[in-house]
Amino acid sequence: MSARRRVQPVAGTIAWLAALLMFFPIFWMVLASFKTEVVAVQTPPALFFHPTLQNYSDIFARADYLHVALNSIVISFGATALAIVIAVPAAFAMAFYPTLHTRGTLLWMLSTKMLPPVGVLVPIYLFAKDVDLLDTRILLVLLYMLMNLPIVVWMLFTFFRDTPKAIIEASRIDGADVRQTIFHVLLPLVMPGIASTALLNIILCWNEAFWSLNLTSHDAAPLTAFIATFSAPQGLFWAKLSAASTLAIAPILVFGWFSQRQLVRGLTFGAVK
Amino acid sequence: MSTATVQGPAAQRAPRGRRLGGAVNTLPLVGPSVALLLIFSLVPLAATLYYSVIRYNLVNPMLHGFAGWSNYKFLLRDPTLYQSLWISVVLVGEVLILTVGGGAILASLFEANFPGRAVARVLVIAPFFVMPTVSALVWKNLLMNPVNGLIAFILRSLGLNAIDFFANWPLTSIVVIVAWQWLPFAFLILLTALQSLDEETREAALLDGAGPIRTFLHIELPHMGRAISVVVMMETIFLLGVFAEIYVTTAGGPGTQTTNLTFLIYQRALLAFNVGSASAAGVIAIILANILAMFLVRAIGKRLDEQ
């Protein structure tokens, strides 16, 4: 595409400056995580300093950190696994056996995603309180699964729909039955699609901060809620905040870089490709 | 949740799928997803509507019984409601201008060929993957703190006065943080849209002597038109729900200067335990979101028919 075009130095320079500016807050945070608390707040800010790993060992030494990290992992992976298991059959059926209701069902699912979470905060909170699910992982797993189910169904639907028709027809002509076609031809074809759907969903769950702040306190608090505790004035240690933040976002930055392309597909419901 | 439906002849046509052959009962396959979403959307909605017409305060059990419209009457006479709606509109509007404008310009720049483009693109996208509590606290402390923050240092080195961002411009400060998080989203979608612009149009413009700015304004921008409308609608829906950034930086203050509708409902529900009033405000939030969702669902439905 544009690889054929010649190099444009002016546009390139501006683009690189913009890129460095956008990334700077993250770079600055990672840098601060290797400073001592004193160096982190000093003026003028230190660009060169004696790096320390003290903040990281302090964070790990906090009894609750591993618990919080584990909560994030369990909640986002649990919710994603559940959503995939429920959504794959639905997306498969809608892509390969469309009925008169398929289009309406897909669009209705999309519209449920538009519900503002705060609009149902009261009933969900009261329900969780009544059934003793406040501050439990299972509550967040269920909520995140339901919250993202429309996105998961849609993404999987577009992947199933876009599988090359010719390969599937060829296997039919070769005498494969429906079961064989699904397991030996279709599934390997859509596996990358399922993987990237799962990846995007894990990212969305990992960073979710409305329900996690409102429905958890200590036992089930994931990283988003843990970081929020640094907003209290007595907890304001910049170097430690930076170290905890770096740990919290590092895995998801890596995941995110892998799923750049699928992000567009997932978050625009196929409206932009 | 939305009651938005798409009318017209297209609504009766199933999307073109590819049959694998064989008669399959799709109900057990589609059923679980539909049932779960139906319960998840209808039950809480019905409960919100119910709570909005009763007297219910978690800290005052003496209050009970049918309230009729009184929760709505009190709410609609309350100036903080209108203020919070206005703050929501300003927040969404300003972030949209920054992200769509910045995203379109960046997308155009990244369409050019230059060394290290893939790496630079990754750097631009990175903020989108930072959890909201992290980005808000890093901006508020490391960058915007009036005494030790980096921006204060830069201003002072230039001989200017340091600015206490969150005291003087609390809403603008939140807008900056939220825009930083959402610019990558707009950028990525607009870049995807721009990549479908065919090379011949571009070359024709170049031959006709159009410079980069005129190419951007007259060729690239119109080409991104539909993608921009999708970005605007998606972002609006997400941005009306901005919560964590306010929660960890200003907690709605100073006063109520950064209390958007989402934060107002949170305060009424979980800080004041006024279930009736919070639910009435929740109903208003749902109605607003549904109006927006109607347009978005229609746009996406059109796209579905074309494929």
**Message:** Looking at A:112, A:80 in this structure, which one is assigned to a helix (DSSP H, G or I), at the interface with another protein chain (Cβ under 8 Å from one of its Cβ atoms) and hydroxyl-bearing (Ser, Thr, Tyr)?
**Reply:** A:112
**Asked** Which of the residues belonging to the range B:138-185 are polar (S, T, N, Q) and more than 8 Å from every other protein chain (Cβ to nearest Cβ)?
**Response** B:145, B:161, B:168, B:172, B:173, B:181
**Request:** Please state which one of B:161, B:168 is farther than 21 Å from residue A:47 by Cβ, without any contact (Cβ under 8 Å) to a residue 40 or more places away in the chain and touching a Leu at 6+ places or on another chain (Cβ under 8 Å).
**Result:** B:161
**All positions within the range A:155-212 that are acidic (Asp, Glu) and modelled with pLDDT of 85 or more** = A:208
**Request:** Residues being more than 14 Å from every other protein chain (Cβ to nearest Cβ) and either more than 29 Å from residue B:145 (Cα to Cα) or of a type in the set (Gly, Ala, Ser) (or both): count how many of those fall in the range A:56-72.
**Result:** 6
**Prompt:** Take the residues of the range A:40-56 that are aliphatic (A, V, I, L, M) and without any contact (Cβ under 8 Å) to a residue 40 or more places away in the chain: which is nearest to residue A:243 (Cα to Cα)?
**Reply:** A:53
**Message:** Being among the hydrophobic types (A, V, I, L, M, F, W, C) and surrounded by fewer than 21 Cβ atoms within 10 Å (Cβ to Cβ) is the filter here; which residues of the range A:125-145 pass it?
**Reply:** A:126, A:127, A:128, A:131, A:133, A:134, A:138, A:142
**Message:** Among the residues that make up the range B:210-227, is at least one of them under 17 Å from the mean Cα position of the chain (by Cα), more than 10 Å from chain A (Cβ to nearest Cβ) and closer than 26 Å to residue B:103 by Cα?
**Reply:** no
**Item:** Index of the failed condition, residue B:239 passing every other in (1) more than 9 Å from chain A (Cβ to nearest Cβ); (2) within 30 Å of residue A:109 (Cβ to Cβ); (3) without any contact (Cβ under 8 Å) to a residue 24 or more places away in the chain
**Value:** (3)
**Message:** Checking the conditions here, which among A:207, A:201 is more than 9 Å from chain B (Cβ to nearest Cβ) and touching a helix residue (DSSP H, G or I) at 6+ places or on another chain (Cβ under 7 Å)?
**Reply:** A:201
**Asked** Of everything in the range A:183-213 that's in contact (Cβ under 8 Å) with a residue 12 or more places away in the chain and more than 24 Å from the chain's Cα centre (by Cα), which residue is surrounded by the most Cβ atoms within 10 Å (Cβ to Cβ)?
**Response** A:186
**Item:** Residue identified as farther than 29 Å from residue A:213 by Cα and without any contact (Cβ under 8 Å) to a residue 40 or more places away in the chain among B:155, B:194, B:142
**Value:** B:155
**Request:** Within the range B:65-74, identify whether any single residue is modelled with pLDDT of 85 or more, assigned to a loop (DSSP other than H, G, I, E, B), in contact with a strand residue (DSSP E or B) (Cβ under 9 Å, 6 or more places away or on another chain) and surrounded by 12 or more Cβ atoms within 10 Å (Cβ to Cβ), and answer yes or no.
**Result:** no
**Criterion violated by residue A:53 - all others in (1) within 9 Å of another protein chain (Cβ to nearest Cβ); (2) aliphatic (A, V, I, L, M); (3) over 30 Å from residue B:36 (Cα atoms) satisfied** = (1)
**Prompt:** Taking residue A:20, is it under 29 Å from the mean Cα position of the chain (by Cα), loosely packed, with under 15 Cβ neighbours inside 10 Å and either part of a helix (DSSP H, G or I) or among the β-branched types (Val, Ile, Thr) (or both)?
**Reply:** yes
**Asked** Inside the range B:98-173, counting only helices (runs of 4 or more DSSP H) that do not spill past its ends, which hold 3 or more residues that are more than 20 Å from residue B:246 (Cα to Cα)?
**Response** B:117-125, B:150-157
**Request:** Kindly establish whether residue B:232 is surrounded by 22 or more Cβ atoms within 10 Å (Cβ to Cβ), aliphatic (A, V, I, L, M) and either more than 9 Å from chain A (Cβ to nearest Cβ) or in contact with a helix residue (DSSP H, G or I) (Cβ under 6 Å, 6 or more places away or on another chain) (or both).
**Result:** no
**Prompt:** Taking residue A:67, is it more than 27 Å from the chain's Cα centre (by Cα) and surrounded by fewer than 19 Cβ atoms within 10 Å (Cβ to Cβ)?
**Reply:** no
**Asked** Of all the residues that make up the range B:97-137, how many are facing another protein chain (nearest Cβ under 7 Å), more than 24 Å from residue A:200 (Cβ to Cβ) and either within 24 Å of the chain's Cα centre (by Cα) or surrounded by 24 or more Cβ atoms within 10 Å (Cβ to Cβ) (or both)?
**Response** 2
**Prompt:** With respect to residue A:41, is the statement that it is over 30 Å from residue B:293 (Cα atoms) and buried (at least 19 other Cβ atoms within 10 Å of the Cβ) true?
**Reply:** yes
**Request:** Might you let me know whether the range A:215-227 holds any residue that is of a type in the set (Phe, Trp, Tyr), within 15 Å of the chain's Cα centre (by Cα) and within 9 Å of another protein chain (Cβ to nearest Cβ)?
**Result:** no
**Request:** Would you mind finding the one in B:246, B:291, B:300 that is among the β-branched types (Val, Ile, Thr) and either surrounded by fewer than 22 Cβ atoms within 10 Å (Cβ to Cβ) or in contact with a strand residue (DSSP E or B) (Cβ under 9 Å, 6 or more places away or on another chain) (or both)?
**Result:** B:291
**the range B:75-96, residues that are surrounded by fewer than 19 Cβ atoms within 10 Å (Cβ to Cβ) and either in contact with a Pro (Cβ under 8 Å, 6 or more places away or on another chain) or small (Gly, Ala, Ser) (or both)** = B:93
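The values are calculated or read from the model by the stated rules, or taken from the named source; none is laboratory data. The shown structure was predicted, so the numbers you read here are calculated from the model rather than taken from an experiment. All Cβ positions, glycine included, derive from the backbone under ideal geometry; neighbour counts span all protein chains shown.
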